[in-house]
Structures are given as C-alpha cells and as structure tokens.
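Accompanying notes for the structure given below.
Rule-based calculations on the coordinates, nothing more; no lab input. None of these values were measured; they are calculated from a predicted model. Please note: Cβ atoms are built from the backbone with ideal geometry, for glycine as well, and neighbour counts cover all protein chains shown.
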Amino acid sequence: MIAVLAGGTGGAKLARGMLDVVGAAELTVIANTADDVEIYGVHVSPDPDLITYWLADRIDSRGFGIAGDTWHLMDALEDAGHPTWFRLGDRDLAMCLIRTEHLRAGARLTDAHGHVVRAMRVDARVLPMSDEPVRTEVRAEGRSRPFQEFMIVDRAAARIEGLELRGIDQARPTPEVLEAIAGAEAIVIGPSNPVISIGPILAVPGMRDALRAAAAPVVAVSPFVGGRTVKGPTEPFMAFAGLERGATGIVAAYEGLLDGLVCDERLADPGLPVCVADTLMDDPASRRSVAETTLSFAAGLARGRPETEARH
C-alpha cells in the first residue's frame, strides 16, 4: 500500500507513475483541497480533479482539465457578458456538478469526490485531505485574494506579502486519510509546491502527528529539476516562506517528517538519506522510472539501509 501526498501537476504526474508500478488497488493519493472554489454554482476541487484526470489518462494537453473537452457553457456566459476568468470545460463542469449534487445532499467531500473518481473510471483512491473546508488566501499589494484569483486573475505576478489558510483550525484528517497513512508501506510526498500544495495538507491538525507515527518511511521527491521548478509559482512562494530554492529548501520545508529525499542534485550536508536521480517526468516511461526509483529507495529505508546517500 502506497500513500502519496499531492497537489498540482508534479504530484499528479508522480501518482500516475505510481499507478503503473503498484496498480490501482495499492495506491491512495491524499490531495490538497485548500485550492477549492465555489463558482458557476458548483464546488470545484482543482487538485483532486487534476489527480483524478491524470490517473484516468484523460488529462488535457494544457496540463489540466479533460482532454477533448468543449467550451459551450463558457462561450454562452461570455456572450452574456458574464465573467469567465475561471474557465471550466463542459465535461469538467459535469464532474463538478456530480460532486456538488452529492455535497448538497449531505455527503462528505470524501464521498462526493469518490463519485467523480468512479465517474472517471479510476480504481485508485483519491482522498481529500479533509472534509472540512480550507481556503488559501494570498496577500499581495496590500490586499488578500482567494488563491484562484491570485493565480488566474493576477497571474501570480505580485510580490507575496502573506498567506492564510482559512478554516484550517477546524479541519481534521479524514478516517480514510488516517487509515491510508497508518497502513502504508511507503509514504511519498510528491514533487509539488511545498508551501501552497503540500503545506495545507501538513497544516491540517493531526496530519503531521499521523505521518510521524506511521511505520512506513516518509520520502519526498523534490520538484526542482536542474535547479528550477518545471511548472507553477513554487519559487516565489518558497522565497516568501524563507525557504532556499532547491532540494535543501525542500528538506527544510518538511523538517521533522522525512526519512529520505529523492532529488537530482547532490547536497553537501543533507542530514538524511538522499537518492540522486533524474526526476524529470515528461513522458510515461520517465514517470514510471521516478516512481520505481522512489519506491525502491523507500524500501531500502524500511530495511534500515545505513548509507546516507544512494545513487539510482
């Protein structure tokens, strides 16, 4: 049983590689829900949906949304003069409608998204980090904005001055999340933004305790490739959080949680076992390779291999 903590494209790609290696029955992905937004009358869960679409092999070439989607609803709203800064394809919206229908009937977010997973014919589990609502707000240029507005309307261009996770104090890991962590043979923190993608997951009260108490090794995969992130605003958010760019900053972000790190750079004094490997995941073969390398490294840690650096 493998548990992957993920948010954003990097984590979703690694989850897809894990699916090829261990199979759906053995894979659970715990997804960030602090990016969720209510818009067009539906509840949108960008990270759980992104992960689900990757696992279904239905991801669009843009890196999000559903391949081959149409845009009739957005076109109609634009014709009516309605704001469409958050664009949802018709099939993407249909999945959000399924989730929203179950939420309005009283279902937990875990169960409501489970209906989306099954509608996409995915057999692996994709679990929201919490059933309670958590929303990321970004302060920039003297005002706070919901995360999606900062990213899409503002294009994440302004200097980040503050970050708030609204509702985090009331959130708790779900029983399914705690079970997945406790029963895992390996726990992998995906190559996601450590501040806004993995950070909210770890900020859920009780989550860090569950990870520390787990019998399985906890291994992170660095999102930095050749010293830079492949996609998204990881670097400015890490700079805001006072984290060094690169694998050293990833170790600092997850201090007290990691048993090992997979990255493509040698660290002078990592303080924990490191597996140096090619971590670029730009095709199915490389996604599978990174997944295999990560799981092999984790298995070695579980056996108590003493060396502080491994080469794959």
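Observations, loosely collected:
- Rounded to the nearest Hz, the phi-derived 3J(HN,Hα) couplings of segment 25-30 under the Karplus curve 6.51 cos²θ - 1.76 cosθ + 1.60 (θ = phi - 60°) are 5, 9, 10, 10, 10, 9, where x marks glycine and proline.
- Under the span-like rule (Cα at least 20 Å along the axis, Kyte-Doolittle mean at least -0.5), DSSP H helices of the chain: 8-22, 90-104, 284-302
- About its Cα centre, the chain has a charge dipole of approximately 220 debye under the convention of +1 per Lys or Arg Cβ and -1 per Asp or Glu Cβ, with nothing else charged.
- Relative contact order (%) - segment 225-284, alpha-carbon pairs under 8 angstrom, separation at least six: 27 percent
- Loop-located GluC sites (Glu not before Pro) in segment 226-312 (DSSP state not H, G, I, E or B) with no more than 13 neighbouring Cβ atoms inside 10 Å: GLU244, GLU255, GLU307.
- With R₀ set to 25 Å, the beta-carbon distance separating ILE39 from THR70 gives a calculated FRET efficiency near 0.85.
- At 1.567 mPa s and 4 °C, Stokes diffusion of segment 155-276 via Kirkwood alpha-carbon radius, µm² per second: 85 µm²/s
- Mean separation of Cα pairs under 8 Å and 6 or more residues apart, divided by the residue count, gives the chain a relative contact order of 19 percent.
- Overall dimensions of the chain by Cα: Rg and Dmax, Å: 18.7, 65
- Gaussian network model of the chain, springs between alpha carbon atoms under 10 Å - residue of PRO48, PRO223, PRO133 with greatest fluctuation: PRO133
- Relative contact order (%) - segment 6-137, alpha-carbon pairs under 8 angstrom, separation at least six: 32 percent
- HN-Hα J in Hz across segment 146-159 - Karplus 6.51, -1.76, 1.60, θ = phi - 60°, x for Gly and Pro: x, 3, 5, 5, 4, 6, 9, 6, 8, 6, 6, 8, 7, 5
- In angstrom, the C-alpha Rg and Dmax of segment 1-116 are 14.8, 49.
- Cα centroid separation, segment 248-280 to segment 163-185 (Å): 24 Å
- When TYR254, TYR40 are arranged by Cβ crowding within 10 Å, least crowded first, meaning fewest neighbours, the order is TYR40, TYR254.
- Highest GNM mean-square fluctuation among GLY232, GLY142, GLY242, for the chain modelled with Cα contacts below 10 Å: GLY142.
- A cut-off of 5 Å between modelled amide H atoms, ignoring neighbours fewer than 5 places along the same chain, links VAL225 with VAL230.
- For TYR40, the shell of other residues with beta-carbons less than 12 Å away shows a net charge of -2, using +1 for Lys and Arg and -1 for Asp and Glu.
- For segment 232-247, backbone phi angles converted through the Karplus equation (6.51, -1.76, 1.60; θ = phi - 60°) give residue-by-residue couplings of x, x, 4, 5, x, 5, 5, 4, 4, 7, x, 9, 5, 5, x, 4 Hz, Gly and Pro being listed as x.
- Contour minus Cα-Cα distance for ALA94 and LEU77 (0.36 nm per residue): 4.5 nm
- Among beta bridges that DSSP assigns inside the chain, antiparallel share in %, nearest 5: 40 percent
- When the Gaussian network model of the chain links Cα atoms closer than 10 Å, the mean-square fluctuations of LEU127, LEU88, LEU77 top out at LEU77.
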